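Here the structure is laid out as structure tokens; the discussion comes afterwards.
The values are calculated or read from the model by the stated rules, or taken from the named source; none is laboratory data. Fair warning: this is a prediction, and the values are worked out from it, not measured in the lab. Note that we place each Cβ from the backbone using ideal geometry, even for glycine, and neighbour counts take in every protein chain shown. Ligands, DNA and RNA are stripped out before the accessible areas are found, and what is left, the full protein with its side chains, is counted by its heavy atoms. Shrake-Rupley method; radii C 1.70, N 1.55, O 1.52, S 1.80 Å.
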Amino acid sequence: MKSPVIVKGAALLLVLACLAFGLISIGDIVHERHGNQRTAEMNVEQDQVGKQTLMGPVLQRYCTEQWQAWDGEGAARKLRNERRSFMLTAPPGTLQVDAQVDQDPRYRGIFRIDTYAAKMRLKAQWPASDAMLPPRSEHADGRVQCEAPTLMLALMDARGIRSAHAAVNGRDVAIQPGTQHPGYPRGFHMELDETAAAGRELSADVTLELQGTAQLSFAPVAESTQVKMNADWPHPSFGGRFLPAERTVTDQGFEATWRVFSLATTAPADYGRSVPLCAVDMRQEYGPEPGSCVESFGVAFFDPVNPYSLSSRAVKYGMLFVGLTFIAVGMLELLRRLRVHPMQYLLVGSALSIFFLLLLSLSEHMPFGWAYACASAACSLLLAVYVSYAMGGKRTGLGFGLGVGGLYGALYVVLQSEQAALMMGSLLLFAVLAAVMLATRKLDWYGVLGSDKAAAPTQAAPLQAAPQSALPPVP
């Protein structure tokens, strides 16, 4: 006949397997909803505006050179006209950017998309030697003709431009769509008067209102680039090839300053080779391969209270919750001499598992903190009422409910403190183990498990005198 302890242990293992399957299914639902949110983000980027990367302003000028060259030999030798087209470019000597970025979220159904509105002022200067890009002939008899110089500013997504104004050497200039650069077609340009900066430095002052999604980056093509950014986003994720030289992050927002010199970056050379301008995802662990995109830096407006990422992290602690609660139920069963049926274990575990589904569904319609409070309070109250009726009184049920509520509180702290999650989880497990060991330090496990007879030592049979032999002794 099988031992009742073995039968109940097998039943509890089956209960744990069922609960693990349920938690895996809830995790799949969380990933599905998170995927739906990413789809909504992609739709907003396609229909409205995407991530932004800004490069420039850069001074450029298109020129053509014509010359004559001999072709053939002997009597067939003749002159033919040759022609080449080229573009002269000059990144600014210094570039200063002041940006004020404000949140401007959009909604696609129940999904929130983090977009922003940025007001920027760009001040660029060129030395007198580069101001008007004087052309040079590569052939002795070459004749060079050049168009009027232009200033261009390239963007990753020009649909985000809300307004733009520019002044060159203190005089307003007209802004025209397109950059006139074959490698960076998105953006705008300004035509300059050839006599505007003759013999003196060239300065440009551009005011731009720009909208984007998720992140804002800059390509440091100037000899000296300084970007100062203020934003009302309290959770920035700085990334790219350069981190801020100075930064201050508070609950109301952040302020950051980048300083990059041309000796430390390949961005000017990347621009000269028309390397693509990319919107690199700064939240990824690994960026693009070197040389595949123009080097850039910036900030991603990361949302750490995203309900799907937090719900996914919470589900990972599901089996830990079930295990700790089963330990508590088992302690009640042992210390108070109760008989708890495996079905009751299943119901308690189901109440713990349904918490994560409640958390996910509520967090889609209210702030995550309120959703967590409502879901944890409902499950703690349910378990308190159930235990009070099933396991011996209101006081036991109230204590059990408070204990489960404490576990939910500990999990919330762990979710909000990602950097200290491992330490806090280890301390929690240590505290539970210490509590179990102290509560059972005087418990007779053999007596509780009903194995006294099996554990008792076998007593030897009393010795008896040997019977007298009837044969006479051997002489």
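Highest mean first, the peptides 230-242, 25-37 sorted by other C-beta atoms within 10 Å per residue fall in the order 230-242, 25-37. Take the range 32-125 with all the other protein chains still there, run a 1.4 Å probe, and you get 52 Å² of accessible area per residue. In this structure, the amide hydrogen of PHE302, modeled 1.01 Å from its nitrogen in the peptide plane, lies closer than 5 angstrom to those of SER237, counting only residues at least 5 positions away or on a different chain.
Calculated on the alpha-carbon coordinates, the convex hull of the range 376-420 measures out at 52 cubic angstrom per residue. Summarising the amide proton neighbourhood of GLN68: residues at separation of 5 or more, or on other chains, whose placed amide H is nearer than 5 Å comprise GLU82. Here the peptides 425-434, 38-47, 57-66 are ranked by packing, the mean other Cβ count within 10 Å, and the order with the highest first is 57-66, 38-47, 425-434. Measuring nothing but protein heavy atoms, the accessible surface of the range 148-208 at 1.4 Å probe radius is 50 percent carbon and sulfur. Each peptide in 84-93, 206-215 gets a packing score, the mean of other Cβ atoms within 10 Å over its residues, and the list from highest to lowest is 206-215, 84-93.
Expressed as a whole percent, the accessible area of the range 1-129 that falls on carbon and sulfur atoms is 55 (1.4 Å probe). Each residue was assigned an accessible area with a 1.4 Å probe, and for ILE175 the value is about 60 Å².
Per the Debye calculation on the range 49-88 with a single equal scatterer at every Cα and no solvent contribution, log₁₀ I(q)/I(0) for q = 0.14, 0.22, 0.27 Å⁻¹ amounts to -0.57, -0.80, -0.91. Given a cut-off of under 8 Å on Cα pairs at least six residues apart, what relative contact order in percent is computed for the range 1-133? Relative contact order here is 19 percent. The residues of the range 323-404 present an accessible area of 50 Å² per residue when probed at 1.4 Å with all protein chains retained. Accessible area per residue for the range 154-278 is 47 Å², calculated with a 1.4 Å probe on protein heavy atoms, without ligands, DNA or RNA.
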